[in-house]
């Protein structure tokens, strides 16, 4: 297997979340070689980190979109006079249960933004 092909296979396995040991077993590349690539090949390590970050950001966007849809659905149920009383109460309970965390996250986000702005001045 050519060096680029070996690194590509290792990259794909690590990107999928496999351990170095599992990656080594699957790709037939030694654990020490993989560790060396991660510690000494800045392009390889930064590309892997960027790819992981891109995946994380994509998943986060999907989660946020799903969360917004779920909140819209809960709100619609809570406000629907044709929904059963139990369904409406459960929808309200879910909304209220997550409200403190949402408020806290907004406050932390705002405080962090202010700190970053002050640091950048």
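A few comments on the model shown:
- Condition met for residue 33 (more than 30 Å from residue 101 (Cβ to Cβ) and in contact (Cβ under 8 Å) with a residue 12 or more places away in the chain): no
- For residue 15, the test of being surrounded by 10 or more Cβ atoms within 10 Å (Cβ to Cβ) and either in contact (Cβ under 8 Å) with a residue 12 or more places away in the chain or touching a strand residue (DSSP E or B) at 6+ places or on another chain (Cβ under 8 Å) (or both) is passed.
- The residues on offer are 54, 43, and the sole one that is within 23 Å of the chain's Cα centre (by Cα), within 18 Å of residue 12 (Cα to Cα), free of Cβ contacts under 8 Å to residues at least 12 places away in the same chain and loosely packed, with under 10 Cβ neighbours inside 10 Å is 43.
- Matching residues, the stretch 76-114, being closer than 16 Å to residue 64 by Cα and surrounded by 13 or more Cβ atoms within 10 Å (Cβ to Cβ): 95, 98
We did not get these values from a lab; they are worked out from the coordinates using the rules stated. Please read these numbers as outputs of a predicted model, since none were measured by experiment. As a convention, Cβ positions derive from the backbone with ideal geometry for all residues, glycine included, and neighbour counts pool all protein chains shown.
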